[in-house]
Amino acid sequence: MKITQHNKTAIITSCFILFNLMYLASAHLNFGNIRLLPVYPFEENLPIASLFVWPYLLMQSFSYAMIKRVEDTTLLKRWIFSTISFSVFCFVIFQLFPVTTHPFSTIAMMGGSPSNQILHNLKIVSTTLNSFPALFVGISFLTSFIMFNKDKLKGVLSFIITLGFCYAGLKIKFLYFSAIVASLVLATLIHQTSKLITKN
């Protein structure tokens, strides 16, 4: 399908629907024992802060809003190719090496502020979802790379904001530091490959 300014929103929206379906499918389709990854002392000692659930929840919306601003069809093709490739890699890796997120006491999250309630409910529905590599972190990194190709300043700002999302994930114990690093490395490799494939 040819990407035009008229159909790009529909295509981008379809991609995000696909990402989420693959993410949810990962919770029910795996062939290994679900396990925890080791954590570094600094991330283990980070006190949980439920307020950070709000920026964490905005990660997809940010990527969606940024990529919709891109008008260059070559960059859009590059984004579509790289994000779908990243999603497939995440899906396959999780089937073989399923990983769960950090455990924490849900008793403390039973009441109180809206942030506590959201974090508690999010933990219930996503306990067994994949966190290595971090799918939406990788998509956010890939989006920032595309933005950098479009406008260097916007790309740098997008990258910094993505790092902020990563920190938020660490603060609510939903991301591993190793998953963030793995997502960045994999996203970089896939993006460089997509640049070679989608030159025009």
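Is there a quick way to get the dipole size of the range 32-175? I mean about its Cα centre, with the Cβ of Lys and Arg at +1 and of Asp and Glu at -1; what is the value in debye to the nearest 20? Provide the component values of the computation, followed by the final result.
Details: 11 positive and 5 negative charges, 45 e Å.
The dipole of the range 32-175 has a size of about 220 debye.
The chain gives an Rg/Rh value of 0.98, both radii derived from C-alpha positions and Rh following Kirkwood.
Ordering Trp79, Phe52, Leu36 by Cα displacement along the dipole of the chain toward the positive end leaves Trp79 in first place; charges were set at the Cβ atoms of Lys, Arg (+1) and Asp, Glu (-1).
Separation of the range 55-99 and the range 143-200, taken as the distance between their Cα centroids, equals 10 angstrom. Here the Karplus curve 6.51 cos²θ - 1.76 cosθ + 1.60, taken at θ = phi - 60°, turns the phi angles of the range 174-186 into couplings of 10, 10, 8, 4, 5, 5, 5, 5, 4, 5, 5, 5, 5 Hz, with x standing for Gly and Pro. Among Gln60, Gln117, Gln95, the largest mean-square fluctuation in a Gaussian network model of the chain, built with springs joining Cα atoms closer than 10 Å, belongs to Gln117. For the range 84-174, the share of alpha carbon pairs falling in successive 5 Å distance bins from zero is 3, 13, 18, 18, 18, 14, 10, 5, 1, 0 percent.
How large is Rg/Rh for the range 7-65, to two decimals, with Cα atoms and a Kirkwood Rh? Intermediate results must be reported in sequence, preceding the final value.
Values: Rg = 16.3 Å, Rh = 14.9 Å.
Radius of gyration relative to Kirkwood radius: 1.09.
Other residues within the sphere of radius under 11 Å centred on the Cβ of Glu71, judged by their own Cβ, net out at +3 (K and R +1, D and E -1). For the range 31-43, 3J(HN,Hα) computed residue by residue from phi via the Karplus equation (6.51, -1.76, 1.60; θ = phi - 60°) reads 10, x, 7, 5, 9, 8, 8, x, 10, 6, x, 5, 7 Hz, glycine and proline entered as x. Across the cross-link table entries Lys152/Lys195; Lys2/Lys68; Lys123/Lys154, which are compared at the Cα atoms, the separations over 28 Å belong to Lys123/Lys154. For the range 146-152, putting each phi into the Karplus relation 6.51 cos²θ - 1.76 cosθ + 1.60 with θ = phi - 60° gives couplings of 5, 4, 5, 5, 7, 8, 4 Hz, in residue order, rounded to whole numbers and with x for Gly and Pro. The amide H of Thr100, built 1.01 Å from its N in the peptide plane, has Arg35, Leu36, Leu37 as neighbours under 5 Å, considering only residues 5 or more places off or on other chains.
Partners of Lys173 within straight-line reach, counting aspartates and glutamates whose Cα lies under 19 Å from its Cα and excluding those fewer than 8 residues away in the same chain: Glu43, Glu44.
The numbers here are math on the coordinates, done by the rules we state, and not lab data. As the structure is a prediction and not an experimental result, all values here were calculated from the model. Cβ: placed from backbone, ideal geometry, glycine included. Neighbour counts: every protein chain shown.
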